[in-house]
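A short write-up of the structure that comes next.
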Amino acid sequence: MAIENAKSAQVGLTGNSAVALAMKQINPDVCPAYPITPSTAVIETFSSYVADGEVDTELITVESEHSAMSAGIGAAAAGARVMTATSAQGLALMWEMLYIASGMRLPIVMTNVNRALAAPINIHCDHSDSMGARDSGWVQLYSETVQESYDNVFMAVRIAEKVKLPVMVCLDGFITSHAIENMDTIEDADVQAFVGEYEPEVSLLKESELPTTYGAMSLPDSYMVFKKQQSEAMSGAKKVVEEVSAEFAKKFGREYGLIDSYKLDDADVAIVIFNSATGTTRVAVDELRKEGHKVGVMRIRLFRPLPHAEIAEALNGLKAVACLDRVDSFNDFGGPLFNEVRSSIYDLENRPKVISRIYGLGGRDYKVSDARSVFEELLKIVETGTVEDTTKYITI
C-alpha cells in the first residue's frame with residue numbers, strides 16, 4: 001500500500017493517554033465531562049491540556065454523566081464539535097440522553113472504556129455497558145489495542161460528521177485503558193488535515209433562511225418517518241466506515257476493516273470475539289496450527305451497524321464457530337454477539353454450527369488455555385457432529 005507523506009513518532013502510552021492525546025490533537029469545541037473509573041484518566045489528562053492552554057476546548061465540568069451528555073447535546077445542536085468519555089455506570093446514567101443524541105442526529109464522539117455494570121460493584125472490564133447501548137442509535141467501533149483506540153478516535157470524528165450520528169469508540173477497561181503499549185502518534189498538522197474543519201449543516205446558532213428546531217414533539221403521523229431516516233443513516237454508516245478507514249490507511253499506513261480475519265481462509269473452526277482478547281486467541285490459533293489443526297479467529301471492529309454480510313462471507317464454509325461474549329444477555333440463549341452472528345449466517349446453505357461462550361466477566365482473566373479449550377470443543381463438534389452445550393460460561 002502506498003502511504004502518503006505523513007510524519008509519526010513512536011511513544012509508549014496507555015489507552016487512556018492515547019485517547020486524551022487524540023482529543024487534544026482534534027481540539028474539539030466542547031468537552032462536557034464527569035470522570036468515572038476506568039475512563040477517568042482520559043478526562044484528567046485532557047483537562048491538563050485545557051489548563052495549559054494547549055487546546056481551545058470549552059471543558060464543562062458537570063454534576064453527573066447524564067448532565068455531561070445533556071450538555072454535549074446542547075453544544076452539538078448549537079454547532080459545536082463535541083467529545084467526551086465515560087464507562088459503565090456513567091454510560092448507564094446517560095441512557096435517556098443516548099437516544100436523544102442519536103435521534104437528533106448529532107455527531108458527538110464518545111470514548112467508552114468498557115467496564116462491568118453493577119451489582120455487585122466491579123470496576124473491571126466486560127462489555128455489559130456498551131452492549132446494553134447497542135440499540136441506542138450510536139455507531140460502535142471496538143478497539144483491540146492502544147494504537148487502534150488512538151486511531152479510531154480520529155476516524156470516529158469523520159464518520160460521525162459524515163453520517164450525522166454519534167459514534168462510540170470502545171476499549172477494554174484496565175486491559176487496554178491502563179496498559180502501556182508502543183504506538184505511533186500522528187503529527188498535529190496531519191490530524192487536522194484528516195479531520196478537517198467542522199461545518200454543521202444546521203445549527204441553533206447559525207443564521208439560516210430555514211428555521212431550525214431540535215427535540216420538538218413528534219406524533220404518530222411523523223415519528224416513524226424520523227426513525228426510518230435514522231435507520232437509513234445507520235445502514236449507510238457501514239460504507240462510510242469503510243471509506244474513512246481506507247483513507248486513514250492510505251495516509252497513515254494502518255489498515256482497519258469492518259471485521260478482522262486471522263487464518264480463516266482454510267479454517268474448519270473459528271472463534272469470533274471483540275477487543276483485547278483477540279490477541280490472546282491469535283496465540284492459541286498459532287499454537288494449534290503448529291499441531292496441525294485448521295483454526296482461525298475473527299474480530300468484530302464495527303458492531304453498529306452490524307456488518308452481517310461480511311460476517312457471513314467470512315464464516316461461510318466453516319464447520320463450527322464459537323462466539324465469545326464478555327457479557328451475558330440473560331436470555332437463556334447466549335450473549336449478543338452469538339445471537340447476531342448466528343442470525344447473520346442463517347441464510348448460508350452450509351452454515352456452521354454456532355455455540356455461545358460467556359467469558360471474562362468483571363475482568364476475569366482470559367488465557368491462551370481458555371481459547372485452546374474452546375477450539376478443542378469446536379474440533380470435537382466437527383468430529384462428532386453433535387453440540388452438547390449451545391451456551392455455557394467459561395473462565396469460571
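The values are calculated or read from the model by the stated rules, or taken from the named source; none is laboratory data. The model shown is predicted, which means the values in this text are computed figures rather than measured ones. No Cβ is skipped: glycine too gets one built from the backbone with ideal geometry, and neighbour counts run over all protein chains shown.
Structural remarks
- Failed condition for C31, given (1) outside any loop (DSSP other than H, G, I, E, B); (2) more than 19 Å from M155 (Cβ to Cβ): (2)
- Test result for L117, assigned by TED's automatic domain parsing to the domain that holds S203, outside any helix (DSSP H, G or I) and surrounded by 21 or more Cβ atoms within 10 Å (Cβ to Cβ): no
- Test: residue in the stretch 151-167 that is among the polar types (S, T, N, Q) and within 18 Å of A22 (Cα to Cα): yes
So that you can scan it fast, the table gives a plain yes or no per residue for (1) modelled with pLDDT of 95 or more; (2) touching a Gly at 6+ places or on another chain (Cβ under 6 Å); (3) assigned to a loop (DSSP other than H, G, I, E, B); (4) surrounded by fewer than 20 Cβ atoms within 10 Å (Cβ to Cβ):
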{"site": "E310", "(1), (2), (3), (4)": "yes, no, no, yes"}
{"site": "L318", "(1), (2), (3), (4)": "yes, no, yes, no"}
{"site": "V327", "(1), (2), (3), (4)": "yes, yes, yes, no"}
{"site": "F333", "(1), (2), (3), (4)": "yes, no, yes, yes"}
{"site": "V354", "(1), (2), (3), (4)": "yes, no, no, no"}
{"site": "S369", "(1), (2), (3), (4)": "yes, no, no, yes"}
{"site": "E376", "(1), (2), (3), (4)": "yes, no, no, yes"}
{"site": "K380", "(1), (2), (3), (4)": "yes, no, no, yes"}
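- Look at the stretch 258-285: where a residue is at negative phi and a partner is of a type in the set (S, T, Y) and part of a loop (DSSP other than H, G, I, E, B), sitting 6+ places away or on another chain with Cβ atoms under 8 Å, you get S276/T145; S276/T176; A277/Y359; A277/Y366; G279/T145; T280/Y366.
- Considering residues of the stretch 120-159 that are surrounded by 24 or more Cβ atoms within 10 Å (Cβ to Cβ) and touching a Gly at 6+ places or on another chain (Cβ under 7 Å) only, the residue nearest to C323 (Cα to Cα): D126
For every residue, the table says whether it meets (1) surrounded by 15 or more Cβ atoms within 10 Å (Cβ to Cβ); (2) in contact with a strand residue (DSSP E or B) (Cβ under 6 Å, 6 or more places away or on another chain); (3) more than 19 Å from E148 (Cα to Cα).
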position: A6; (1), (2), (3): yes, no, no
position: M23; (1), (2), (3): yes, yes, no
position: V30; (1), (2), (3): yes, yes, yes
position: S39; (1), (2), (3): yes, yes, no
position: D56; (1), (2), (3): no, no, yes
position: L59; (1), (2), (3): yes, yes, yes
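- L21 passes every criterion in (1) touching a Leu at 6+ places or on another chain (Cβ under 9 Å); (2) part of a loop (DSSP other than H, G, I, E, B) apart from (2).
- Number of the exception - T84 against (1) in contact with a Gly (Cβ under 7 Å, 6 or more places away or on another chain); (2) within 15 Å of R134 (Cα to Cα): (2)
- Test: S245 is under 23 Å from T176 (Cβ atoms) and part of a helix (DSSP H, G or I): yes
- Selection within the stretch 1-18: residues that are more than 24 Å from the chain's Cα centre (by Cα) and outside any strand (DSSP E or B). The member of this set that is modelled with the highest pLDDT is K7.
- Within the stretch 367-389, the residues that satisfy the criterion of being touching a strand residue (DSSP E or B) at 6+ places or on another chain (Cβ under 8 Å), farther than 13 Å from D268 by Cα and either outside the structural domain of R282 (by TED's automatic domain parsing) or not acidic (D, E) (or both) are A371, V374, V387.
- Residue list for the stretch 214-232, restricted to those being surrounded by 14 or more Cβ atoms within 10 Å (Cβ to Cβ) and either among the polar types (S, T, N, Q) or closer than 16 Å to L141 by Cβ (or both): Q230
- Set side by side, the residues G257, G292 differ, and just one is more than 30 Å from E187 (Cβ to Cβ), part of a loop (DSSP other than H, G, I, E, B) and of a type in the set (G, A, S), which is G292.
- Check on G296, surrounded by 22 or more Cβ atoms within 10 Å (Cβ to Cβ), in contact with a Leu (Cβ under 8 Å, 6 or more places away or on another chain) and small (G, A, S): yes
- Residue match in the stretch 192-210 (condition: aromatic (F, W, Y), outside any loop (DSSP other than H, G, I, E, B) and touching a residue at least 60 places away in the same chain (Cβ under 8 Å)): no
- All of (1) more than 18 Å from the chain's Cα centre (by Cα); (2) at pLDDT 95 or above hold for S39 with one exception: (1).
- For the stretch 159-191, a residue qualifies if it is outside any strand (DSSP E or B) and under 23 Å from A237 (Cα atoms), and the qualifying residues are I159, A160, E161, K162, V163, K164, L165, P166, V191.
- Test result for V341, under 17 Å from the mean Cα position of the chain (by Cα), part of a loop (DSSP other than H, G, I, E, B) and not aromatic (F, W, Y): no
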